[in-house]
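Every read-out reported here was derived from the displayed coordinates using simple, explicitly stated rules and does not represent laboratory data. Nothing here was measured: the structure is a model prediction, and the numbers come from that model. All Cβ positions, even for glycine, are placed from backbone atoms using ideal geometry, and neighbour counts span all protein chains on display.
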Amino acid sequence: MAGVFIKPNSTGYADALVCEAKGLESLREVLRDQGISCLRVPEVYSVSESELKVTAVDSCSASPTTLKMFGEGLARMHKARQPQYGWGWNNYIGLSPQPNRWSANWGEFFVRDRLGYQVSIIREPSVKAAFEDCLSTYQESLVDWLNEHCTHASLLHGDLWCGNVLFDAEDPWLIDPAVYCGDREADLAMTEMFGGFGSAFYAAYDRLYPRSEVYVQKRDIYNLYHYLNHYNLFGSGYLDGCRRGFSLLKQAVTNS
């Protein structure tokens with residue numbers, strides 16, 4: 001057996017590691033079913049409320065080759081069509097609960113269960129009221145716009161920033177997922193939130209599955225979910241990002 005990495009549960013949620021293990025297994029399953037060998041996911045050896053045991057990754061800096069493999073593997077994973085949007089159980093996005101359900105309507109799911117949920121748990125009354133008002137005003141247009149520009153459901157990692165992708169000397173590895181099924185460009189948007197993965201990754205992805213003409217607008221809307229989550233977790237340092245996201249949301253749906 002390969003080396004074992006033991007992750008303790010420091011989240012405060014008893015089922016957090018169980019949800020993470022389910023997410024890892026779901027990612028492994030779609031990679032296996034699609035015959036994707038250029039992108040890997042740690043094997044789950046055991047999981048309990050207190051700890052998760054998975055394959056240890058001997059991580060190092062990414063190379064142009066492993067970045068290219070990551071782009072190709074992710075594109076092929078996203079090409080695999082899933083039957084519905086959402087997910088069959090609730091899980092977590094970082095240290096926050098992530099409510100899920102199955103839906104045939106991507107725009108409605110994202111607006112209600114992603115943006116709407118995060119806005120609903122904002123503690124500052126004036127900020128919450130302002131964001132609720134904006135979401136209420138534009139939600140119908142946003143739902144229609146997102147549905148117009150999403151061709152099918154893909155299995156998403158869900159929290160695909162640079163800290164959740166490891167590279168060893170031969171392969172890229174996905175870790176710490178917050179999986180659900182949605183617009184594949186929600187995953188790509190998150191890759192750009194904290195610096196991105198460089199040109200080799202994006203060029204490889206686009207060769208197999210080019211991003212849409214409205215990717216830039218969608219990127220700002222999808223990353224609003226993560227800005228709201230970070231604001232709720234870490235405070236006012238992310239508030240300007242939330243406000244900018246709502247402003248760009250309004251521009252996208254009113255200029256379409």
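Below, the figures for the structure above:
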| item | result |
| --- | --- |
| Calculated FRET value between A129 and Q251, using beta carbons and R₀ = 25 Å, to 0.05 | 0.70 |
| For region 44-64 and region 179-222, distance of Cα centres in Å | 24 Å |
| FRET efficiency, 1/(1 + (r/R0)^6) with R0 35 Å, evaluated for S199 and Y13 via beta carbons | 0.40 |
| Of the chymotrypsin sites (Phe, Trp or Tyr not before Pro) in region 158-198, those whose Cβ has at most 15 other Cβ within 10 Å and which sit in DSSP loop | F194 |
| Tail weight of P(r) past 14 Å, computed on alpha-carbon pairs of region 204-256, percent | 58 percent |
| Cross-link reach list, lysines versus K68, counting only Cα pairs under 26 Å and skipping chain neighbours closer than eight places | K79, K218 |
| Ordering of 68-77, 100-109 by burial proxy (mean other Cβ atoms within 10 Å per residue, highest first) | 68-77, 100-109 |
| Candidate lysines for bridging to K53, where Cα separation is under 24 Å - those fewer than 8 sequence places away on the same chain excluded | K7, K22 |
| Net lengthening on full extension, S212/E148 (0.36 nm per residue, minus Cα-Cα) | 21.9 nm |
| Net length gained if the chain between S63 and N90 were fully extended (0.36 nm per residue, minus Cα distance) | 6.2 nm |
| Separation in nanometres of the label points that stand 7 Å from Cα toward Cβ, at W102 and Y45 | 3.5 nm |
| Simple Cβ-charge dipole of the chain, Lys/Arg +1 and Asp/Glu -1, about Cα centre, in debye nearest 20 | 220 debye |
| Where labels lie 7 Å past Cα in the beta-carbon direction, separation of E170 and R244 in nm | 4.1 nm |
| Dipole of the chain [Lys/Arg +1, Asp/Glu -1 at C-beta], most positive-end residue of G88, G163, V214 | V214 |
